[in-house]
Amino acid sequence: MTTHTTTTEAGRVAGRPRILIVGGGFAGVECARRLERRLKPHEALITLVTPFDYQLYLPLLPQVASGVLTPQSVAVSLRRGLRRTRVLPGGAIGVDPAAKVCVVRKITDEVVNEPYDVIVLAPGSITRTFDIPGLTEHARGMKTLAEAAYLRDHVIAQLDLADAATDAAEREARLRFVVVGGGYAGTETAACLQRITTAACERYPRLDARDVHWHILDVAPKLMPELGDRLGAEAARTLRRRGIEVSLGVSVAKAEADRVTLTDGRELPCRTLIWTAGVAASPLVGTLGAETVKGRLAVTDRMTLPGFDGVFALGDAAAVPDRAKGDGAVCPPTAQHAQRQGKVVADNVVASLRGEPLRPYVHKDLGLVVDLGGKDAVSKPLGVQLTGLPAQAVARGYHLLALRTNVAKVRTATNWLLNAAAGDDYVRTGFQSRRPATLRDFEYTDAYLTPEEIRSRTSSSADAG
Ligand SMILES: Cc1cc2nc3c(=O)[nH]c(=O)nc-3n(C[C@H](O)[C@H](O)[C@H](O)COP(=O)(O)OP(=O)(O)OC[C@H]3O[C@@H](n4cnc5c(N)ncnc54)[C@H](O)[C@@H]3O)c2cc1C
């Protein structure tokens, strides 16, 4: 088992070593940017495989779903930040670490082999689902830009349909919205969308805001346990004050098109089930045949994959030891860690090319910001517990600093100002009508190859070569 990663001699002799980054998210983009800065063009060829030409700023996705921000605000252009990286539009569907080849399905569906000397795996995560009847067919996720945009259209469609409904039971079901997952993604999504749905009732003559019901469910006994007891309780109080029902220790037993059955036996007639109950590492991880920790690649604190030459992994897809916490802890799947790990992996890739020692990843968590819409927020920057407007100011300031390009910062700030001054128009784009938009349609988990399929591809191309 090796823990140090070096580039193959063949790679060096044949020309520039090929560095392949998989995933254009927080971790992958940070890594690519730093590699561009640290390596001269003649020192390496950098390729980034990613299905989209933007980096999605996921923490603001609930604000896209609620229409406070336009989708463009959180889709940060890759080409503004990356100068010479070759961006390969597609998704990696398998890796053969022995042959040092990554199999890529381009956005045209053409499947190509991409040889590498060093691979950086940063494909992130997908929504974690369970074997609950009807879940993938009826629930909607909150992981991609399309999911957020579709959800907004769907929610406004429910208001439109409820307003026009002549049947009281239909109106009631359309005005009930169920969110599963009391982490920051689910809580922010429910809080931000509840705000627009109740405010929208002013524009609908037959709807009363008191008839709009939002529910947050979680099997855990607390909302957002990472916030600590006081702030978690404060967030739950704020939500309940606004009429959002918070049910803890309960989950979904069955999902149907027009109702959700809970594990405590309750049946909630509704047309909207939003599923944000955690994430699982990208299925790409399974194609390597490597050791995993709760589905994430088991890497060293230098983010190398033991036993695999030239493989680094990080972000949501990897279980990176959390040296700041110690006690065998691994870093939680957050943007904060992913971005900083990207920087350290880039340095370690450079060190491995130059035969220098690699450095470990150490980062002390800076805390969490949770935007509950309007003036409501809770945040814990550097351990300081804040609520209300000060928390909201910290949350928004943090996001503006964290957005990568100045254009994205200005676009986001302008959207916030415009929304605060003029409110929302609650219009549907209509792009999603009759288009499938549930978890099953978005998670693409069947796109990946088995290790045998990968080997047969890579060995036949080696024979041909
Ligand atoms: C709604 C929501 C709110 C959040 N809020 C916060 C927050 O407030 N603070 C915080 O710290 N974290 C937050 N997170 C978590 C944070 O966004 C993730 O931890 C972070 O994005 C992980 O970074 P990553 O680079 O590993 O993955 P990602 O940023 O998800 O990037 C993965 C990239 O890989 C691409 N990809 C996927 N599969 C493949 C493939 N097979 N081949 C090639 N490319 C692929 C994806 O398209 C994507 O571009 C939130 C997450 C969500 C969903």
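Here the contact order of the stretch 212-315, divided by its residue count and restricted to Cα pairs under 8 Å and six or more residues apart, works out to 16 percent. Straightening the chain between Thr414 and Asp258 buys 52.4 nm, computed as 0.36 nm per residue apart minus the Cα-Cα spacing. Exposure proxy shown here: for Glu267, Glu188, the number of other Cβ atoms within 10 Å sets the order, fewest to most, as Glu267, Glu188. With a cut-off of 13 Å between beta carbons, the residues surrounding Glu114 carry a summed charge of +3, where Lys and Arg count +1 and Asp and Glu -1. Simple spin-label estimate for Leu248 and Phe130 gives 1.7 nm between the two label positions (7 Å along the Cα-to-Cβ direction from each Cα).
How much length is gained on full extension from Ala99 to Gln385, taking 0.36 nm per residue of separation minus their Cα-Cα distance?
Numbers: separation 286, 0.36 × 286 = 102.96 nm, distance 5.05 nm.
Answer, rounded to one decimal: 97.9 nm.
The ranking of Thr70, Thr187, Thr412 from fewest to most other beta carbons within 10 Å of each one's beta carbon is Thr70, Thr412, Thr187.
Rounded to whole Å and ordered largest first, report the semi-axes of the equivalent ellipsoid of the stretch 287-339 derived from its Cα gyration tensor (root of 5λ). Intermediate results must be reported in sequence, preceding the final value.
Working: eigenvalues 62, 27, 22 Å².
Taking √(5λ) for each eigenvalue gives 18, 12, 10 Å, largest first.
Note on the chain: helix-only mean residue ellipticity at 222 nm, from DSSP H runs of 4+ residues weighted -39500 (n - 2.57) and normalised by residue number, equals -10500 deg cm²/dmol. Dipole magnitude for the chain: computed about the Cα centre from +1 point charges on Lys and Arg Cβ and -1 point charges on Asp and Glu Cβ, it is near 1580 debye. Nearest 10 degrees, 0 to 90: what angle lies between the long axis of helix 335-354 and the longest principal axis of the chain (Cα atoms)? Compared with the principal axis, the helix lies near 10 degrees. With R₀ set to 25 Å, the beta-carbon distance separating Ala220 from Leu400 gives a calculated FRET efficiency near 0.20. Highest mean packing first, where packing is the average number of other Cβ atoms within 10 Å per residue, the peptides 189-198, 95-104, 448-457, 226-235 line up as 189-198, 95-104, 226-235, 448-457.
Only one residue of Ala277, Ala335, Val212 has its Cα farthest out toward the positive end of the dipole of the chain, where Lys and Arg carry +1 and Asp and Glu -1 on Cβ, and that residue is Ala335.
Among the listed pairs Lys40/Lys343; Lys343/Lys380; Lys100/Lys325, those whose Cα-Cα separation exceeds 28 Å are Lys100/Lys325.
For Val252, the amide hydrogen comes within under 5 Å of the amide hydrogens of Thr263, counting only partners 5 or more places away or on other chains and with H modelled in the peptide plane.
Bear in mind these aren't lab numbers, they're just calculated from the coordinates by the rules spelled out. Quantities reported herein were computed from a predicted structural model and do not represent experimental measurements. Here the Cβ is made from the backbone with ideal geometry for all residues, glycine too, and neighbour counts use every protein chain on show.
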